[in-house]
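Step one of this worksheet: look at the structure below.
What follows is calculated from the coordinates using simple rules that are stated; it is not laboratory data. As the structure is a prediction and not an experimental result, all values here were calculated from the model. Backbone-built Cβ (ideal geometry, glycine too); neighbour counts: all protein chains shown.
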Number of protein chains: 2
Amino acid sequence: MFFRQLRQFAKKKVLTIESIGDNVKKAEYAVRGDVLKKAQEIQTSLSKGQTYPFKSLTACNIGNPQFLGQKPLTWVRQGLSIVVNPQILDCPEILAYYPPDIIERGKYLLSRIQGGVGAYSDSQGLDVVRESIAKYIEDRDNIGPSNPENIFTSNGASPSVETALTVCISSTQDGVMIPIPQYPLYNALITLKKGQPIGYYMDSANGYWTMCVEEMQKSLENAKKNNINVKSVVVINPGNPTGQVLSVDNMKKIVEFCDKNGLVILADEVYQDNVYMPNKKFTSFRKIIKEMGTETELFSFQSLSKGFYGECGIRGGYMELMNIDKDVKDQILKLASIMLCSSTLGQIAMELVLNPPNPSMPSFPIFIKEKTEILSALKRKALLMHDLLNTMDNISCNYVEGAMYAMPCVKLSQKACEAAKKVGLPPDKFYVIKALEETGIILVPGSGFGQRPGTFHFRITVLSPEESFRELLLSFKKFNDNFHKQYRD
Amino acid sequence: MFFRQLRQFAKKKVLTIESIGDNVKKAEYAVRGDVLKKAQEIQTSLSKGQTYPFKSLTACNIGNPQFLGQKPLTWVRQGLSIVVNPQILDCPEILAYYPPDIIERGKYLLSRIQGGVGAYSDSQGLDVVRESIAKYIEDRDNIGPSNPENIFTSNGASPSVETALTVCISSTQDGVMIPIPQYPLYNALITLKKGQPIGYYMDSANGYWTMCVEEMQKSLENAKKNNINVKSVVVINPGNPTGQVLSVDNMKKIVEFCDKNGLVILADEVYQDNVYMPNKKFTSFRKIIKEMGTETELFSFQSLSKGFYGECGIRGGYMELMNIDKDVKDQILKLASIMLCSSTLGQIAMELVLNPPNPSMPSFPIFIKEKTEILSALKRKALLMHDLLNTMDNISCNYVEGAMYAMPCVKLSQKACEAAKKVGLPPDKFYVIKALEETGIILVPGSGFGQRPGTFHFRITVLSPEESFRELLLSFKKFNDNFHKQYRD
């Protein structure tokens, strides 16, 4: 027995950090990285009674609205409770609590789903859901019908992004252009798939983040020089982490650029319902491409997790394919079928969000009240965030035109950079960890998204409860201004 | 405009069947392949009024119980309706319809989930869910506690399998052993990840499918000769598509084999609740490994889609890691975090299934009645399937000891093989398509799972409604016996 144990002890594991692939090791996802680990340690200490300069942590690191108190839409949750427990439909006393329109919708949805929500749906998603998605897209863009056959549902937008990247990356020399800063999903998945992430800098001058086609062209030329076959471009609009809402002109230039250079567009449009600036509105790449009459190949992503619905945990989303070759679409369907189907409840929730009650329906007043309250609070907070951040020492913040984040630039002194180096941290992570330790606010350092060398940023969400939002920012201001005093060169 | 269109027309797409990766093109998933496409064509014709020798199609191709009429468990659906619509908890009139235990459970679950089911959970899954899973595993195996930190929830078992394969395949020379016949998820994912699927034949003699360590050794030696670095072995128990329930002796030999050869076990145990033979019971690889005292690295998969629950559409599942290196686990957590989290509703449903009402609780009588009815019907159908298939010409079928499928062998004549060749089909697919056209029964040809050269099989589920099950099999018998008459050599 002793020798057996000894032998086992000496035995090297098959799976070790050395034996697993470099693509896995190199993939990074900063939104849930080191800073969050530190936060979890603090959480543990807090619950054991250790005192900090704050009472509790505030998760400003991730776009998770309901975690921070945003209420779900009554319409969506009532609908889900009916399809998940159709026995409700046999109880008049229960139904008395449900508005007739959601009962009708629940019945209709169930009538269209053989076997109910417990059965696998078609791999692309339920017909009834894809029909509503297509109708929503048609109404949104006002440029002709969308075909449900081009829509693939998924568990959030992320698996759709993964599928699109799977067909865009066929060799280790295939490149995908991604904005800097970017939502790190893209970098992580491209690395995992052994493709080449090709960053292009966004322009942050004049108070607005914008896409700069000249930068894109420069980055493309550079990649070509390195024998990288760039096939696709990721555009995030409204921007994550940058919060910009692209103008139609800007978008047209991007489409021209892609058309000229033979590039597929991966349009991350999951924040399409999050536009706060009165002079801005969301326009889809689908609309731009149709109006320009190009045949640019497009994957467009939408999610149940953002907008005014914020149903992150339920995992719903989809992608729409446009101008994608039929044979390629067949391969995408095959990929979808390997994973069987996306969550039917995520699909149904998406249907309920995109096909909401209209003004003549009994659920409308509550629905519109909830929607308006959520969006107007986000709008007020986005404005306040911008204004207050710009009062802080060494911080400059562009307008938060949309999405759920500000991505301010923070100037860090030589002294701060040296202090960071001493503890083995990049300067922005050092700053963010100090902020965490002193305020309990969890941020994501700019390096997690990419930033121009020598500049430092952090991402902060606009999702904390409004009643304490100003106070939160003021406590952050206090930290920030002290930090810069302490590390003044 | 005309020239523009002309230019566009002439323009080659970026994504074409030629430009996408071979790994994508080569990945096959027969359960939803050509035969299903044919079935969809027939469905369309049927709905347009075309007549066939049958009134409707019967989907015996996929393990999708609720699609075929199996009812969901009341306990699970009541629980889900509470967590998804907590407003119910404020309505005494509604609550009067819910047993007090499920109300209490719903409240407890909600108390443990910050932000409710609409918030992202931790990437590994909700604490409260992983605690219940660990408790279930502990009770099942009776060999010491399971650690919730080793459990990762996922949307069905498939994404867990994908993650395990991601860390097991780090180069194109890395091999994964898979049984033949196998559930095609494995072959498809290994191919997608550019690894080497290394088949090993199962033994089908004497009325039982078993794992044959000699065959595994032979297959491993062969792979080594081809410079393939085999790191892991997939074992499916109870078997899909083969329906076997492995004996403890058989399992011990497999663990010894893996231990000796330095192989990680990927144990697909999603049918652990589907055992029908009175003399057989499910034993987990976890238990075997613990009892043997080896340090074999193990990933064990479980799903919400199978068992007596059959909640395919809700997408719940998990994997448990055992003896996996800490650094590798950290990488797996990072991979999970890229996709944020699995469906919270899938997680909750898994909790409700694995932590069901006990005999002292008011929900118990209905729960146990539903569970028993489902399992005993499956048992009766599994037996009837075996018996009736063995009365059919040229068909021999092993015992359906567990899971949801029979995988009978069908002898096809020279004449049948030639007829198949004429229409460009493999013989087993030809047979299965003929069966579809004449009976409306959708099967999966054996080639989709792998089979010994020169032998032909098909997979048929035991999930069709019991009241018409015998009739269904008799209509199949009629087809089969006629087929063999028609193609007699």
Original post:
In terms of Cα to Cα distance under 16 Å, which aspartates and glutamates are near enough to A:Lys107, apart from those fewer than 8 places away along the same chain?
Top reply: A:Asp90, A:Asp127, A:Glu351
**OP:** Provide the percentage of antiparallel DSSP beta bridges, counting only those with both residues in the protein assembly as shown; round to the nearest 5.
**Re:** 50
**OP:** Considering Cα pairs under 8 angstrom that are at least six residues apart, work out the relative contact order of chain A and quote it in whole percent.
**Re:** 21
Original post:
With a 10 Å Cβ neighbour count serving as the proxy for reagent exposure, in which order, fewest first, do A:Arg459, B:Arg488 appear?
Top reply: B:Arg488, A:Arg459
Subject >> Residue-span extension gain [A:Ser111 to A:Gln173] - 0.36 nm each, minus C-alpha spacing >> reply: 17.5 nm
Original post:
Which values, in whole Å and largest first, are the semi-axes of the equivalent ellipsoid of chain B obtained as the square root of 5 times each eigenvalue of the Cα gyration tensor?
Top reply: 36, 29, 27
Original post:
Over what distance in Å are the Cα centres of the stretch A:422-450 and the stretch A:355-400 separated?
Top reply: 27
Original post:
How big is the protein assembly as shown in terms of Cα radius of gyration and Dmax, in angstroms?
Top reply: 28.5, 94
Original post:
Dividing the Cα convex hull volume of the stretch B:425-475 by residue count, how many Å³ per residue is that?
Top reply: 80
**OP:** Sum -39500 (n - 2.57) across every DSSP H segment of at least 4 residues in chain A, then divide by the residue count to get the 222 nm mean residue ellipticity, nearest 500.
**Re:** -13500 deg cm²/dmol
Original post:
If you count, for each residue, the other Cβ atoms within 10 Å and average over each peptide, how do B:360-369, B:157-166 line up from highest to lowest?
Top reply: B:157-166, B:360-369
Subject >> the stretch A:109-354 - Rg over Rh from alpha carbon coordinates, Kirkwood radius >> reply: 0.96
Original post:
At B:Lys48, label 7 Å along Cα→Cβ: distances to the other copies, nm, ascending?
Top reply: 7.1
Original post:
For A:Val24, B:Val400, what ranking results if the residue with the fewest other Cβ atoms within 10 Å of its Cβ goes first?
Top reply: A:Val24, B:Val400
Subject >> Filter on A:Lys26/A:Lys194; A:Lys13/B:Lys326; A:Lys218/A:Lys429 - keep pairs with C-alpha separation over 19 Å >> reply: A:Lys218/A:Lys429
**OP:** Name the residue farthest towards the positive end of the dipole of the stretch A:109-354 from the options A:Ile289, A:Ile228, A:Leu109, assuming +1 on Cβ of Lys and Arg, -1 on Cβ of Asp and Glu, about the Cα centre.
**Re:** A:Ile228
Original post:
Other chains near A:328-339: what is the mean number of their Cβ atoms within 10 Å of each residue's Cβ?
Top reply: 6
Subject >> Teacher prompt: A:Gln114 distances to equivalent labels in other copies, 7 Å Cα→Cβ, nm >> reply: 4.5
Original post:
What is the mean number of Cβ atoms from other protein chains located within 10 Å of the Cβ atom of each residue in peptide A:230-239, rounded to a whole number?
Top reply: 1
Original post:
When you look at the Cβ of every residue in A:346-352, what mean number of other chain Cβ atoms sits within 10 Å?
Top reply: 2
**OP:** Using packing as a proxy for protection, rank A:129-141, B:104-116 so that the peptide with the highest average count of other Cβ atoms within 10 Å comes first.
**Re:** A:129-141, B:104-116
Original post:
In debye, nearest 20: dipole of chain B around its Cα centre with unit charges on the Cβ of K, R (+) and D, E (-)?
Top reply: 1900
Original post:
Membrane-span-like helices in chain A: DSSP H runs reaching 27 Å or more (Cα, own axis), mean Kyte hydropathy at least 1.0?
Top reply: none
Subject >> FRET E, pair B:Ile17, B:Asp481, Förster distance 41 Å, beta-carbon r, rounded to 0.05 >> reply: 0.50
Subject >> Whole-angstrom gap from the stretch B:284-309 to the stretch A:160-231, using each part's C-alpha centre >> reply: 41
Original post:
Counting other C-beta atoms within 10 Å, which of B:Asp481, A:Asp489 has the fewest, and how do the rest follow?
Top reply: A:Asp489, B:Asp481
Original post:
Under 19 Å from the Cα of A:Lys48, which lysines turn up, not counting those fewer than eight places away in the same chain?
Top reply: A:Lys37, A:Lys38
Original post:
Using the beta-carbon distance between B:Lys224 and B:Asp203 and R0 = 30 Å, what value does 1/(1 + (r/R0)^6) give for FRET efficiency, to the nearest 0.05?
Top reply: 0.85
Original post:
Which cross-chain or sequence-distant (5 or more) residues have an amide H under 5 Å from the amide H of B:Val444, H modelled 1.01 Å from N in plane?
Top reply: B:Arg459
Subject >> Inter-copy label distances at B:Glu214 (7 Å, Cα→Cβ; nm, one decimal) >> reply: 7.6
